[in-house]
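The structure appears below as structure tokens.
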Amino acid sequence: MQLQGIEYHEGFIHNIKNTDVAYVIYVPIPHNFFVGNCPKIGTIHAFVFLDELQHPEVRNMSYMKYAKKIGFFAIGPDVESTNNVKSLGFITDVRKLIRLYLKMHTLVYASRTDVFPLTLLEAAACRVPIIAFPTRAIRGLGLPLFYATSTNEFAQKINEIQDMWQAKKEDYVKLADIVRVEMIAYDVNKVFPKFLDVLKEVAAFSAS
């Protein structure tokens, strides 16, 4: 898809002219295909999801059958409904996604390969407590999360949040508020100026 008003060119070698900074995906070889007088920034974007690398229990959510009183919703292009887990497919409508977050009591995030888990920030913005693997990328967010390293630990944390919701509602609300407050550090009005400063700093370097 070509965005309106955005130049688009295809080719084996790209000679970039009249540009302050080149912003390219960080992989070793593609840097050599972009030439010109401007400095370049190597970036890491979303990873390619490899379903075969995911643990089957995490992929099909079969371990969730232990909790018949709990309803689960799975979001993703290849997730099937099973037991008390309803698959909603891949959601691209922002408003629909926000409404879904607002109905949730917790987000179970089973990815161990994300470089910047935007899903966690979306859930936190909607005051949703989160359970996730303690990867460096997720810990690096600095959010008050619940961590788990196995399916049994995920199940245990889900039960803890359920108990908090049912018996200690004030603690649950306090946790949800804290998650929201900590997420504000990633507000676009705080992050974008820093990103812009990086581009300006790189643009000030010599092309050499």
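The values are calculated or read from the model by the stated rules, or taken from the named source; none is laboratory data. Just so you know, these numbers come straight off a predicted model, no measurement behind them. Positions of Cβ are generated from backbone atoms using ideal geometry, with glycine treated the same way; all protein chains shown enter the neighbour counts.
Just so you know, in segment 135-161 the residues that are touching an Asp or Glu at 6+ places or on another chain (Cβ under 9 Å) and part of a loop (DSSP other than H, G, I, E, B) include one that is surrounded by the fewest Cβ atoms within 10 Å (Cβ to Cβ), and it is 142. Among the residues of segment 111-131, the one identified as crowded, with 17+ Cβ neighbours inside 10 Å, more than 13 Å from residue 179 (Cα to Cα) and in contact (Cβ under 8 Å) with a residue 40 or more places away in the chain is 114. Here residue 72 passes the criteria (1) over 16 Å from residue 148 (Cβ atoms); (2) modelled with pLDDT of 70 or more except the one numbered (1).
Could you check segment 76-89 and list, in sequence order, the residues that are of a type outside the set (S, T, N, Q), more than 14 Å from the chain's Cα centre (by Cα) and surrounded by fewer than 16 Cβ atoms within 10 Å (Cβ to Cβ)? Quick ask: steps written out before the conclusion?
Taking segment 76-89 first, the residues of a type outside the set (S, T, N, Q) are 76-80, 85-86, 88-89.
Checking the rest, the ones that are also more than 14 Å from the chain's Cα centre (by Cα) come to 77-80, 85-86, 88-89.
Of everything in segment 76-89, those that are of a type outside the set (S, T, N, Q), more than 14 Å from the chain's Cα centre (by Cα) and surrounded by fewer than 16 Cβ atoms within 10 Å (Cβ to Cβ) turn out to be 77, 78, 80, 86, 88, 89.
Test residue 172 against the stated conditions and say whether it is within 21 Å of the chain's Cα centre (by Cα) and under 21 Å from residue 101 (Cα atoms). Spelling it out, it is not the case that residue 172 is within 21 Å of the chain's Cα centre (by Cα) and under 21 Å from residue 101 (Cα atoms).
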